[in-house]
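Note sheet for the following structure.
What follows draws every value from the coordinates through simple rules; no lab data is involved. This one's a predicted model, so the numbers in the text were calculated from it and none came from an experiment. Glycine gets a Cβ as well: all are built from the backbone with ideal geometry, and neighbour counts include every protein chain shown.
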Amino acid sequence: MNKIVVNGGKKLYGEVEIGGSKNAALPMLFAGILTGEACVFSHLPRVSDVLLTLEILRSLGARIRFAPGGDVLVDYSLVRPALPSLVHTGAIRGSVYLLGAMLGRFGRAKLGGAGGCDFGSRPIDQHLMGFEGLGAIEYAENGALCLTAPRGLCGANISLKMPSVGATANLLMAATAASGKTVIRNAAAEPHVVALCEFLTACGARIEGQGSDTLTVFGGRPLHGCRCTVIPDMIEAGTYLCAAMAAGGRVTVRNVVPSHLGAALDVFRDMGASLTVGKTYITIKAPARYRAVDVTTGPYPAFPTDLHPQFAALFTIGHRTTGTGRVFERVWQERFRYTEELSRLGAHVKIKGECATFSPCPLHPATLRSPDLRGGVALVIAALSVVGRTEITNAATVGRGYEHFESKLRGLGADVRVFG
Ligand code: EPU
């Protein structure tokens, strides 16, 4: 997917089926390494980050089969603790999960580098502090980060400096293989972290406290393969709800867990949207005009940073919004790159430290460049409200996290084309 062309100004109506969560699928796919057996994944989203993950696993010896019904079987029995190609691991953030999974299974791990969206520095000091607590030693070899646990991994008390999703997931993986009890304090509680706990439990691990800020892992139990279903992608769902707000109309997202989106639904209500929330669906009816509000991102259950750019886009649309909206970004210091592109559409944005202020004004079509996954999709959302043709290049960034993007939007009546 190279370029997205949006002919905006059309209201959206209909239903969209939400896929499996990218950020749940990635740690689960890597965690499967711990089992040394085969795992079957249902609802695995076919987004490029997941396909690259499968490529990395294949390069390490995993055998992968796409079953006719859509399930994906990954057989981890022949996985080796080799150094995967930097071309692959350097493209996605999730490759950092190789560290916990390989360390757990083989007592050693190597990683040339991990990529992901560019939000400035993305340290992994908390992952490494935790691995060290479990008995691992870190060293560098030809530019690769290496970990080894010469005396095996041993349960420990670990307190994270911040509730990092990645560090929590990585340490959960290593801790299931460590002998004895590990307690992870200040752990992340995102639905995708809970999903990883459930996956590991289905493989035979014993974990207590999932969904809270303290996780206790009773490690050293033998793990086995399992069958699992990836949870629905709350960020994809929130994105289509934002698209409906931007374009106007009435849209239902199906196959969702509405409670995962609690903080975002509160913001939609504050903006004046009318919501119908069922057990596995959410319908949004966009008002003719909505209010811009203040949003503060934070670890779950706070408002998710991965929906920040999509809501920010809503606050810029002059003919739809009233008032000034502000986003306080408290997770990623440099998540405002997309605002430069929004300005090309005519948006008024002021950034001061962690706060971006958006004043509504008339937007016009333009040619834009997607800076990253959620920033790119925010540009599409803004473009859906603008009469005329907006082109968004570097659209592969969007393909990292949205499957069937063109057909899902077109199914709602949007005039969107994806090229490449
Ligand atoms: N942090 C540290 N040290 C660490 C780890 C994190 O300082 O060792 C800091 C980060 O710099 C950041 C904060 O802690 O300021 C949170 O980082 P976290 O580790 O939670 O983020 P991540 O695991 O790298 C995942 C998602 C991101 C999402 C964040 C926050 C995946 C593959 N990525 O990243 O998703 O923004 O959690 O919820 O799960 C996206 O999907 O668009 C995306 C960027």
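Size estimate for region 22-229 follows the Kirkwood approach: the inverse of mean 1/r over distinct Cα pairs works out to 16.5 Å.
Restricting region 90-182 to trypsin sites (Lys or Arg not before Pro) that sit in a DSSP loop and have at most 12 other Cβ atoms within 10 Å of their own Cβ leaves Arg151, Lys161. The eigenvalues of the Cα gyration tensor, multiplied by 5 and square-rooted, give the chain an equivalent ellipsoid with semi-axes of 38, 21, 20 Å from largest to smallest. Comparing Arg400, Arg326, Arg410 in a Gaussian network model of the chain, where Cα atoms under 10 Å apart are tied by springs, the biggest mean-square fluctuation is seen for Arg410.
Backbone phi angles across region 79-88, fed through the Karplus curve with coefficients 6.51, -1.76 and 1.60 (θ = phi - 60°), yield HN-Hα couplings of 5, 10, x, 8, 8, x, 4, 5, 4, 7 Hz in residue order; Gly and Pro are listed as x. For Gly19, the amide hydrogen comes within under 5 Å of the amide hydrogens of Asp233, counting only partners 5 or more places away or on other chains and with H modelled in the peptide plane.
Distant-in-sequence amide contacts of Leu368, defined by a placed amide H-H separation under 5 Å and a gap of 5 or more residues or a different chain, comprise Glu391, Ile392, Thr393.
So what are region 145-270's ellipsoid semi-axes, whole angstrom, largest first, if each one is the square root of 5 times an eigenvalue of the alpha-carbon gyration tensor? Don't skip to the end; give the middle numbers.
On the way: eigenvalues 245, 49, 29 Å².
Its equivalent ellipsoid spans semi-axes of 35, 16, 12 Å.
For the chain, the share of DSSP beta bridges that are antiparallel, to the nearest 5, is 70%.
Compute the distance from the alpha-carbon center of region 248-322 to that of region 379-400, in whole Å. Cα centroid to Cα centroid, the span is 19 Å. With R₀ fixed at 41 Å, the C-beta to C-beta distance from Arg108 to Leu51 puts the FRET efficiency at about 0.95.
Working note: Karplus 6.51/-1.76/1.60 with θ = phi - 60° gives region 35-51 the couplings 7, x, 10, 9, 10, 10, 10, 9, 6, 6, x, 8, 9, 5, 5, 6, 5 Hz, where Gly and Pro are set to x.
Taking θ as phi - 60° and the Karplus parameters 6.51, -1.76 and 1.60, the scalar couplings of region 368-379 work out to 10, 10, 5, x, 6, 4, 6, x, x, 6, 5, 5 Hz in sequence order, x denoting glycine and proline. Springs between Cα atoms under 10 Å define the GNM used for the chain, and in it the highest mean-square fluctuation of Pro304, Pro258, Pro68 occurs at Pro68.
Taking the DSSP beta bridges with both ends in region 22-229, the antiparallel portion is around 80 percent. Over the chain, dividing the summed -39,500 (n - 2.57) contributions of all DSSP H runs of at least 4 residues by the number of residues returns a 222 nm mean residue ellipticity of -9000 deg cm²/dmol. Put a dot 7 Å past the Cα of Phe419, heading toward its Cβ, do the same for Asp213, and the two dots end up 5.0 nm apart.
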